[in-house]
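Inspection log for the structure reproduced underneath, given as structure tokens.
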Amino acid sequence: MTNPFSGTGYDLAAMTAAVNKLPNLYNRTASIFSPEGITTTTLLVEQKDGTLSIIASRPRGAAPDKSKADKRSLRSFVIPHIPIEDVLLPEDYQNVRAFGTENGLETAANIMANKLQRMKNAIDQTREHLRIGALKGNILDADASTLYDLYTEFGITAKTVDFALDDEDTDVRGKCAEVIRHIEDKLLGESMTGVRVLVSASFYDDLVAHPKVEKAYQYYMANNINLAGDYRLAFPFGGLVFEEYRGTWTDKDGTARAGITAGEGHAFPEGTGNTFREVFAPGNFIETANTVGLPYYARQEPRKYNAGVDLWVESNPLPICKRPEVLVKVTA
């Protein structure tokens, strides 16, 4: 059987190139985090607690104020290792009709590509799960155990704003302003272009039905034709952009967990320069040690007597918010 991914053997480079060319599955939070490859399996985040202060006036010739050095702290994060494996067997394509044909036989290359795509899709969903955790300040593993509580790691207190949408007299605009002001205060030298809030379906429904919001929502629906009728994707109100997020993941035991808990949402600044990163460590191979990490690695290995090919795909990602104090949880 000719190896469809390499003319020189079952090498890492050819398989990695092949899997990186496969199309990405839709990932809502991918655009929020800037990708960055590093050469180690541990991420070090150095924080300088710089503050902006005013300088008191002095008589001419008097001693000036002394400039105070920024406080610095260093935190270490071990980057998760996410591997998945499969196997290509002769019976996968022997006597199998190719999809969409009447008499064409399936090929090893097609089966290999389909298996790699499924493995990559699983890793993409795992990365999305990690990224939504970073936006919430609590990065979870597949079994819902905590990998990193960013608030604990950085020694800060999480901010929560109760929108009290069950009260028709609630000043919803005032709640929005509270979220924005908190984020602005905590940027500490960073910049942003706006604030987005990913919310659960129940939060979104309660928000647009609130008496203080309903008219604005109806006006927005009547005058906006850019969202193809799905107004859950971006509803601006009070300086915030609300978006319904429906991501749900199922672990190996069949337990389904929503990315965002019902009745809640999570606000974060958009357009920042260095706040959100998705860091990739090198692959767990001899050839990739101390090299710059890539989003995906793939490898194939022939079985004994050439009875099949074992497939391996891995990613080593850690999405992180370097300033978790700018994250705000909202409740309905």
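The values are calculated or read from the model by the stated rules, or taken from the named source; none is laboratory data. Treat the numbers as computed from the prediction; the structure is a model and nothing was measured. Cβ: placed from backbone, ideal geometry, glycine included. Neighbour counts: every protein chain shown. Each accessible area value is taken on the protein alone, full model and side chains, heavy atoms only, with ligands, DNA and RNA left out. Shrake-Rupley method; radii C 1.70, N 1.55, O 1.52, S 1.80 Å.
With every protein chain present, what is the per residue accessible area of region 113-205 (1.4 Å probe, Å²)? List each step's numbers first, then the result.
Values: 4140 Å² over 93 residues.
Dividing the accessible area of region 113-205 by its residue count gives 44 Å².
Each of L294, A209, W249 was scored by the projection of its Cα onto the charge dipole of region 178-332, and the greatest displacement toward the positive side belongs to L294; charges sit on the C-beta of Lys, Arg, Asp and Glu. Rounded to the nearest whole Hz, the Karplus-based 3J(HN,Hα) values (6.51 cos²θ - 1.76 cosθ + 1.60, θ = phi - 60°) of region 185-195 follow the sequence 5, 8, 5, 6, x, 6, 10, 8, 9, x, 10, with x at glycine and proline.
Ligands, DNA and RNA left out, the 1.4 Å accessible surface of region 98-222 is 48% carbon and sulfur atoms.
With the Cα gyration tensor of region 238-332 giving a ≥ b ≥ c as the square roots of its eigenvalues, does the rule (a/c under 1.5 for rounded; else a/b larger than b/c for prolate; else oblate) give rounded, prolate or oblate? Oblate, because a/c is 1.5 or more while a/b does not exceed b/c.
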